Amino acid sequence: RYSSMKDYLSELDKETKKALETFYGFSEGKSKVRRSVDEWNSTGSDFFKHIPLLKFEDFSKTATDLRSGQKRKIEGSVFHKDSSIVNSGDSNDIIGFQLCDANNSSECALYTFSSGVNAIQEWYKLHYMNIMAQIPLETKEKLSYSADDLLLTCFFDGLSCDKRHFTRFHHPLHGNCYTFNSGENGTILSTSTGGSEYGLQVVLYIDEADYNPFLVTSTGAKIIVHDQNEYPFIEDIGTEIETAAATSIGMHFTRSRKLSKPYSDCTETGADIPVENLYNKSYSLQICLHSCFQKAMVDSCGCAQYAQPLPAGAEYCNYKKNPNWMYCYYRLHEKFVKEQLGCQQICKDACSFKEWALTTSIAQWPSTVSEDWMLRVLSWDKGQKINKKLNKTDLANLMVFYKDLNERFISENPANTLVILLSNFGGQLGLWMSCSVVCVIEIVEVFFIDSLSIVMRRQWQKAKKWWNDRKRDRSGKPPQAGDLERQGHDNPVCIDEDLPTFNTALHLPLPQDNPLPRTPPPNYSTLRLETAFTEQLPDTLEVGQH
Amino acid sequence: EEEKKEGLIEFYDSFKDMFEFFCKNTTIHGTIRLVCSDSNRMKTAFWTLLLLASFGMLYWQFALMFSQYWAYPVVLTMSIHSEPKMFPAITICNLDPYRFELVSEHLVQLDQMAEESITFLYGINTSASLFHMNEKNIHVKDLSSIGNLSRSSFKLSQNFSLLRMPDHSNRSGKKDSSVGFRLCNATGGNCFYKTYSSGMDAILEWYRFHYMNIMSQLPVIINVSDHEEQIEDMVYSCQYDGEPCRPSDYVHFHHPVFGSCYTFNSKGTDPFWTATKPGVPYGLSLILRAEQKDHIPLLSTVAGVKVMIHNHNQTPFLEHEGFDIRPGIETTISIQQDEVNRLGGNYGKCTMDGNDVNVKLLYNNSYTLQVLSEWLAEAPAYSECGCGYYYYPLPPGAEYCNYNKQPAWGHCFYQLYNRLRNHHLNCFDQCPKPCRESLYKVSAGTAKWPSAKSQDWIRQALRHQNGYNSTSNRNDIAKVTIFYQQLNYQSVNESPLLSENLLLSSMGSQWSLWFGSSVLSVVEMFELLIDTLVLCLLFCYQRFRSKKTLKVTHTPTVPS
């Protein structure tokens, strides 16, 4: 609200107007600005006595040093030349401002703009932030529009709604913003069908006369559709709506979900990102980038930039405390844009996000016939607070609704799960080798475990033999035949209980090759005896029973 | 006896035999290890464990696979098609509901009532001329006899007057008030106030309530072709693909709020409307009248034209997807088509033509989700209040709500409103989606039209040709061009992620991975099971027999 901000901004505005006057002459037209400039000119000399109170005075003074009087030049030299609007060269085409390092005045950066409009707006914004940073939040909220001021009517899903359904939050540049259905009081409203009749319909009061002429040059309102726990980046992705028109915004809802690691490099909650989330909302890439920049700003410039929330223990930059901040900010911003700060590398995409695709269309509103009664009724509703009849250019009608209640949900699924991998593996093994896990283990058993054990056994035998030889050598006795005999297959250590596999059969001589000395040689008589025994068997059995 | 049995069926002597035989001869890998490494206990144990483990793994994998299969996942395949196709149906409405002559008397009364209410509530004397625009009324020729009947019977009710109520729920500091009207049930009891925080909303809703009652006396089917209003009054120029539109190409209907509407190419069968090329020159270009003088200023407060792009044979829900066109502006709308094909069946509920939905559809056009959801709003209202809401089509044999006949319907309807919301919400579970859906993505650009220089001759030309008779400088014409951005359309098709074939093949793969076996091995396992059972029975039988014989042999020996 410009009118209530006047106390804070008057000096800056006067300075801006002065600069405009000196650059462009302002001879054409009899704008409102022109008139106030004239006003100021008459009291100009008084005003200059108060200059030292505010620091931004000297920029425009040095700015105009090419042109206007020496009086300002002198004052400009009193202060360090921090920043100035420079009308460089002879031509009026290029306008910009110079930012210098306060500690080292030789280091300066000159920012030029092809259009004077951009230059002045940017310059104004810088100083605006300076001033705003010194005002406490509560005061600012009071200075800005209240919900009562802004909302004339509210209608949602066929039912009347009012300012209690809106939650205020303060935006550094846009002032007070109001969020409908923010879910802050615990309930989230839902809409039962699509269509403009069932969406949110509001009539906004936009006081065009009360606009800041330098900060914002367009009239209307900005809206953004976002999730309850998403931070609305109004200046980045807001949609503008016009006055004296009915803007209908139809929405299509899309929800996307990506798979996090190892499928893609995204983050679920942002907890794994080494950047502190300064916004009290759920993680998004935008939030991360802004937080990262703010952190870098606090680290290198010693104060926080005004457009973003404050990190713990820091305070907003203002000219009195941090004379160097503008130069620092611009340097840092340049680095940020060139991706030298590393923010873009640190910050990752969020894995899930919601998106509302908006279709905006505008109709004439109010129609000439209904204009009369409607303006009267609305003026009455607005009450005695403003004693003027509303004009239709002060009003904007906004309808936000779902076109249909279909939701598009895009989600990623892994193409190969463990099940599929295993079954592919099995399929290939089965197809080419008719083999299974069991047969793989068999192969492992035979080629590694069994053959290893055989090799080990041989080594062991050799070592034992060598040991025995050495012992015998030491004792001086010649090796005995019996000892040698027992080392072979008689040795109980070496008896292979396992059935010989193909490989072991190849490696090992069978024990049948040298028969055990204990077993008696086959005898014919025993064979005969056996036959006789089988004949007698039933008798012995009977005897045994008795 | 035993020999005889063995002759018939060769059978194992013991469980051990059977098991060994199974292990040696089965096609399952690894079982042979149980037998041949018999002498090494450790190895046997190891192999038993291994077999059990892979058995477990197999069934775990099977469980995962089946749970995935029974979730019926789908894969979306996106493809770009390009083929010649028809231009979509275009519906335009002039946002200017007109007065039927039949009810114009009542409407004038209603306007007067509204005026009185506004004066009463706000103390403003709205200029009387505002509400008495003596413009032409729409006359329905053939129906005057019916009209005379209803004209005499209908009377505007004074029971529902707008009132101002102090809002007590608010903080005492500020003096807030709300405006509303009172609704009572048939006996006059159980009254409640329908209130609005803003007077504008209250007046609009109140007016709409009365308007519906008045309109309910109109016959259900208005033969639109008999109307005096012609398409030429609204569409000054129509060109498609560089050629003038054919005069018979449109369908006319009247929407209670959006006024008279025309649908171009509603059937989509005329080859004239084939889209041959993308781009502005080959699209549909219309010059429209966008009258700013509403005939009923309390019903619709916006001026302009509403355009909707939709499928052929689809009911246009203008309040859902309508696109506003401003007067004095040229709007260029580019469209792009998306198509969605759903599988249906187990993969998600969807319906081909809405025949299998268990509610009768009131719109005799192709099925969309909106149609059904509108019906679900209408049905309870109809069954409970006994009459149909004017905005929706009527069920057969029903009539529109009218407080002369059903004095309590307003009470009933607004009471129902909150419950209706739940009905809508139920719809997401109940209503099947259409299996085949076309969506049109719309993007628009605007420019001022006509330009200051061309304004004069354009107006001259229109005046000459179409009887355009506006002399004022105000913009009351609009131009709109609708064209295909590209003739390719994106089609999104669902296909099953796991078909039966795929399921079987991955089951086979798992089997072969863990056991190196096939279905036949499973049969072998079953055989083993059956054999075990049979053997058990046999042994039981044998034991029983042997006990018997033992008893027999024992009894004679005991006395000796």
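Relative contact order, whole percent, for the range A:266-350 stands at 36, derived from Cα pairs under 8 Å and 6 or more residues apart.
Remark: A:Arg408, B:Arg33 ranked as A:Arg408, B:Arg33, counting other beta-carbon atoms within 10 Å and listing the fewest first.
The Cα trace of the range A:266-350 gives Rg and Dmax of 12.9, 42 Å, the first to one decimal, the second as a whole number. Electrostatic tally near A:Tyr124: other residues with Cβ closer than 10 Å to its Cβ, Lys and Arg +1, Asp and Glu -1, net -2. Shielding of peptide A:415-421 by partners, expressed as the average count of other chain Cβ atoms within 10 Å per residue Cβ, is 4.
Taking a Cβ cut-off of under 13 Å around A:Asn406, the surrounding Lys, Arg, Asp and Glu residues balance to a net charge of 0, with basic ones at +1 and acidic ones at -1. Across the cross-link table entries A:Lys17/A:Lys335; A:Lys142/B:Lys194; A:Lys354/B:Lys433, which are compared at the Cα atoms, the separations over 24 Å belong to A:Lys17/A:Lys335; A:Lys142/B:Lys194.
Counting neighbouring Cβ atoms within 10 Å and putting the fewest first, the residues A:His252, A:His171 line up as A:His171, A:His252.
Look at B:Leu416, B:Leu533 and count the other Cβ atoms within 10 Å of each Cβ; fewest to most, that gives B:Leu533, B:Leu416.
With a threshold of 27 Å on the Cα-Cα distance, the over-threshold entries among B:Lys277/B:Lys441; B:Lys293/B:Lys453; B:Lys277/B:Lys306; A:Lys281/A:Lys321; A:Lys125/A:Lys392 are A:Lys281/A:Lys321; A:Lys125/A:Lys392. Seen from A:Ser300, the other residues with C-beta closer than 11 Å to its C-beta sum to a net charge of +2, counting Lys and Arg as +1 and Asp and Glu as -1. About its Cα centre, the range A:337-473 has a charge dipole of approximately 880 debye under the convention of +1 per Lys or Arg Cβ and -1 per Asp or Glu Cβ, with nothing else charged. Charge dipole of the range A:266-350 (Cα centre as origin; +1 on each Lys and Arg Cβ, -1 on each Asp and Glu Cβ, all else neutral): 360 debye, rounded to the nearest 20.
Every number in this text was worked out from the coordinates using simple rules, so none of it is lab data. Remember, predicted model here, so these are calculated numbers, not experimental data. Glycine gets a Cβ as well: all are built from the backbone with ideal geometry, and neighbour counts include every protein chain shown.
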